[in-house]
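Q: Mind having a look at this structure? Questions to follow.
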Amino acid sequence: MGIKLISLNIEGSKHLDRVIPFLKKEKADVVCLQEVFLKDFEKIKNEISMKGKFFPMTNKNNSKYTDQPNGYEGIAFLTNLRHSHINKKCYFGQGYIRAFSDAKSKEYIFIYSVLEKDGKEYTVGTTHFTWTPDGKPTKQQLEDCEKLLNFTKRFSDLILCGDFNAPRGGEVFSSFTEYFRDNLPKKVTNTLDPKLHRSKKEVVVDTIFSTPEYIVTNVKVVDGLSDHKAVIGTIEKI
């Protein structure tokens, strides 16, 4: 039967009244969330009846550079399946969480775990990849892409999802597709929500990547939740 996965950038605390009911309704096996505040994590976890971990990337407490000065912000990995320890790999940062000011003030991380269902193991990872102001690659983004890919290539099989902050068809996104299969249907041309995102560009920056050991089906996006659309897919292990 495989596992059901949801990846979604929730844009902090702004849309929890939409996000939480959606996650409760979908009943996914694994949920990967980006731009989560630590102060909201326990509420999200308890409301959707899942176990998991939160990993901070930056501290937005009292920052003049954000409209949500709500403390630690990062990634959440949640599941109701039996799983191994949820691990972290940092591919950019100074080894400690800093006050938020710009893209270089964040610790960019990859979170992963091995999940078990029906006697099969699924290695699932997620990231909120390095941001650039205009979607064009910077030196930092290119270096981070190389570091992340070099690390993920160590896995014999991997599902990699998240917000990649790099448009499909561009240099960085294409670097990922040299190793992974992009499972978002080509007919999907935008993963930013046109009504909730400040940018009105049509770009795909969120997806579910996979190595050949997996078949990913029923992939779709759902809008009306956050400034990014949710990406949903069913994953089978060959």
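Q: Determine the sum of side-chain charges near Lys220: Lys and Arg each +1, Asp and Glu each -1, restricted to other residues whose C-beta is under 15 angstrom from that of Lys220. Mind dumping the intermediate values first?
A: Numbers: positive: Lys4, Lys25, Lys186, Lys187, Lys229; negative: Glu26, Asp182, Asp193, Asp206, Asp223.
Local charge sum for Lys220: 0.
Q: Along the charge dipole of region 3-237, Cβ charges K/R +1 and D/E -1, which of Leu5, Ile86, Phe37 sits furthest on the positive end?
A: It is Phe37.
Q: With a cut-off of at most 14 other beta carbons within 10 Å, and DSSP calling the residue loop, which trypsin sites (Lys or Arg not before Pro) in region 18-63 qualify? Please list them.
A: On the way: sites: Arg18, Lys24, Lys25, Lys27, Lys39, Lys43, Lys45, Lys51, Lys53, Lys60; in loops: Lys27, Lys60.
Sparse-neighbourhood loop trypsin sites (Lys or Arg not before Pro): Lys27.
Q: Tell me, what ³J(HN,Hα) does each residue in region 122-129 have, in order and in whole Hz, if you take phi through Karplus 6.51 cos²θ - 1.76 cosθ + 1.60 with θ = phi - 60° and put x for Gly and Pro?
A: Each residue's phi maps through the Karplus curve to give 10, 8, 10, x, 9, 8, 10, 6 Hz.
Q: Taking every DSSP beta bridge with both residues inside the chain, roughly what % is antiparallel (nearest 5)?
A: Details: 49 of 60 bridges.
The antiparallel fraction comes to roughly 80 percent.
Q: Full extension from Thr177 to Ser49: what is 0.36 nm times the residue separation minus their Cα-Cα distance, to one decimal in nm? Present the calculation step by step, with values, prior to reporting the outcome.
A: Values: separation 128, 0.36 × 128 = 46.08 nm, distance 3.37 nm.
Working it through step by step, the gained length comes to 42.7 nm.
Q: Set the Förster radius R0 to 35 Å, insert the Cβ-Cβ distance between Asp102 and Lys186 as r into 1/(1 + (r/R0)^6), and round the FRET efficiency to 0.05. Kindly include the intermediate steps, with their values, before the conclusion.
A: Numbers: r = 33 Å, r/R0 = 0.95.
For R0 = 35 Å, the calculated efficiency reads 0.55.
Q: Right, here's the next one. In the Gaussian network model of the chain, springs joining C-alpha atoms below 10 Å, which of Ala103, Ala76, Ala28 carries the largest mean-square fluctuation?
A: Ala103
Q: Still on this model: I need the shape label for region 1-160. Rule: rounded when a/c is under 1.5, else prolate if a/b > b/c, else oblate, with a, b, c from the alpha carbon gyration tensor. Can you show the working numbers first?
A: Numbers: a/c = 2.03, a/b = 1.19, b/c = 1.70.
Note, shape of region 1-160 comes out oblate.
Q: Continuing with the same structure: Within region 167-217, which GluC sites (Glu not before Pro) sit in a loop by DSSP and count at most 16 neighbouring Cβ atoms inside 10 Å? Let's see the in-between values first.
A: On the way: sites: Glu171, Glu178, Glu202, Glu213; in loops: Glu178, Glu202, Glu213.
Loop-located and lightly packed - Glu178, Glu202, Glu213.
Q: Nothing charged except the Cβ atoms of Lys and Arg (+1) and of Asp and Glu (-1): what's the magnitude of the dipole of the chain about its Cα centre? Round to the nearest 20 debye.
A: Working: 37 positive and 31 negative charges, 51 e Å.
Using Cβ point charges on Lys, Arg, Asp and Glu, the chain gives about 240 debye.
Q: What net charge is computed for the residues neighbouring Lys88, neighbours being all others with C-beta under 12 Å from the C-beta of Lys88, Lys and Arg scored +1, Asp and Glu -1? Before the final figure, lay out the partial values.
A: Working: positive: Lys53, Lys89; negative: Glu107.
Summing Lys/Arg as +1 and Asp/Glu as -1 gives +1.
Q: May I pose another question? Loop only by DSSP, 12 or fewer other Cβ within 10 Å of the Cβ. Give me the chymotrypsin sites (Phe, Trp or Tyr not before Pro) in region 1-86 that pass, ordered by residue number. Let's see the in-between values first.
A: Values: sites: Phe22, Phe37, Phe41, Phe54, Tyr65, Tyr72, Phe77; in loops: Tyr65.
Loop-located and lightly packed - Tyr65.
Q: Find out how many positive minus negative residues lie around Asp206, taking Lys and Arg as positive, Asp and Glu as negative, among other residues whose Cβ is under 10 Å from that of Asp206. Before the final figure, lay out the partial values.
A: Working: positive: Arg168, Lys229; negative: Asp163.
Residues near Asp206 contribute +1 overall.
Q: Could you please state, rounded to a whole Å, how far the C-alpha centre of region 104-148 is from the C-alpha centre of region 160-238?
A: What the calculation gives is 13 Å, centre to centre.
Computed from the coordinates by the stated procedures, all read-outs in this text should not be read as laboratory data. Just so it is clear, the structure is predicted and the values come from calculations on it, not from any experiment. Every residue, glycine among them, receives a Cβ derived from its backbone with ideal geometry; neighbour counts consider all protein chains shown.
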